[in-house]
Amino acid sequence: MARRPAPRSSSSSHKATSMMARTCGGSEIRLRLMMVNTGHAEGAPIADLGFRNPSAPGLSIETFSLAELRQRVPLETLRRPARLEFHQLILISSGRGAQRVDFVEHPCEPGTLLWTRPGQVQENTAAVLEGRLVLFTEAFLPRSPGLRVILDAYDTSRWQLKPELLDPVDRSMCQLAEDYAAACGMAASPAASPPLGLELLRHQLTVLLLRIAALPGPEPTAETITAGSEIYVRFRRRLEDDFASTRRVENYATALGYSTKTINRVCQDATGHSAKFIIDRRVILEAKRLLIHTSLPVSTIACRLNFDQATNFGKYFSRHTGLTPGQFRLNSSG
C-alpha cells in the first residue's frame, strides 16, 4: 500500500533474507525473516504480512473468526511479531487477554474493538480470545471523505464498547460475514450475482467503517484526524518515507511546501505535540523494533537510522527512553 510503506531495508552484508509463505485465515502471509550473522541467536524476527486472498484472488477483504484463524495457523506463527501491510479489525466476543502493538499492550475483553493499521507490528495472543477478524486493504474501498477521517490515522485505535454501541457494530460485522460468504461463493444460496455481490460487500464494509468512525473517540488516542487534517496526513505520509533519512522539521516543511510554523501547528492540532516530537517518536519506534526483533549490532542500527556515529544514536535513544540501546535490548529479552 502506497500510503504506509514498510521501512526500507539496508543493503548491509550482515543481512540475508529468507522467504516463507503461510496462511492467515485464508490470506497469504509472506514472512521475510531478517537473519543477521552476528554470532548471536536470532530473537523474534518481524514477519512482513502481505495480503492475498487465495479463496478469491483479487478480492482485498477477508473476514473470519479467531477460532478459524487458530485452525489454519499454528499458534507459534501467530505469536511471532508481524508487520501488517493491511488493515485489521478485531471485535472480541469472549475471553480476556491483550494484543501488543508496537510495544503497547492493548487489553482485550468482550466488547473490545481493536483497529491495527498497515505498517504496525503486532504480537498476537489469539489463543485466549474469541471474536471476529476483518482484514482489508484500501484498494477495496470507494473514495469517501467520511472514510478518510478514520483511514488516515496511523496509530492503533481501541474502543471498549458499551452494549448500545456494541450491538450495531456487531450486527454490521455479522452482515459483512454473510455477504463475504455469498460473494466468495461459500454460501449455499448466494444472495446476488457476482458483480452485485461484490458491490454489496464493498457497501457493507463501508457501512461498518462509517459506524466505527462515528463512535466516541478511541481510548487511548494519540491522534485526532478530521476533515481538515490534510496537511498533517501529508506530513505523516512523508515521515513514513523519510524518517530514516532526516529528523529535521525544516526538511519536511520544505518538501511539503509549508512553513515549519504550519507543520508544527497541524501536529499540535492533531496530537497535542510538536512536529519534532512526532518525528523523534517515529525514529525511536523503529529503533526499538530493530533492537528487539533483529540481532543487528547497535552500530548498524545507528547507520540505518542515519546517525553518523553509534555514540550519537546512543545519546539520542537514552534521551528519549531513559535507557541505552543495549539496556533496552537486554531488558526486553529478559
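Of all the listed residues (Phe64, Phe86), the sole one being surrounded by 22 or more Cβ atoms within 10 Å (Cβ to Cβ) and on the phi < 0 side of the Ramachandran plot is Phe86. For segment 146-173, the set of residues classified as under 21 Å from the mean Cα position of the chain (by Cα) and of a type outside the set (A, V, I, L, M) consists of Gly146, Arg148, Asp152, Tyr154, Asp155, Thr156, Ser157, Arg158, Trp159, Gln160, listed by residue number. Quick check on my filter: what residues within segment 266-279 are assigned to a helix (DSSP H, G or I) and either at pLDDT below 95 or in contact with a helix residue (DSSP H, G or I) (Cβ under 6 Å, 6 or more places away or on another chain) (or both)? Within segment 266-279, Val266, Cys267, Gln268, Asp269, Ala270, Thr271, Ala275, Lys276, Ile278 qualify. If you filter segment 213-233 down to residues that are surrounded by 18 or more Cβ atoms within 10 Å (Cβ to Cβ) and out of contact with any helix residue (DSSP H, G or I) (no Cβ under 6 Å at 6 or more places or on another chain), you find that the one that is modelled with the highest pLDDT is Val233. For the structure I just gave you, tell me whether Asn306 is in the same structural domain as Arg248 (by TED's automatic domain parsing), at positive phi and out of contact with any Gly (no Cβ under 6 Å at 6 or more places or on another chain). Yes; evaluated as a whole, the condition is true for this residue.
Among residues of segment 245-274 that are more than 22 Å from Tyr316 (Cβ to Cβ), those with a beta-carbon under 7 Å from a residue that is loosely packed, with under 15 Cβ neighbours inside 10 Å at least six positions away or on a different chain give the pairs Ala270/Thr224.
Quick check on Leu296: is it aliphatic (A, V, I, L, M), assigned to a helix (DSSP H, G or I) and within 25 Å of the chain's Cα centre (by Cα)? Judged against the criteria, Leu296 is not a match.
Scanning segment 101-121 for residues that are modelled with pLDDT of 90 or more and not in a loop (DSSP other than H, G, I, E, B) yields a count of 10.
The values are calculated or read from the model by the stated rules, or taken from the named source; none is laboratory data. Bear in mind the structure is a predicted one, so any value in this text is a computation, not a measurement. Cβ atoms come from the backbone with ideal geometry, glycine included; neighbour counts cover every protein chain shown.
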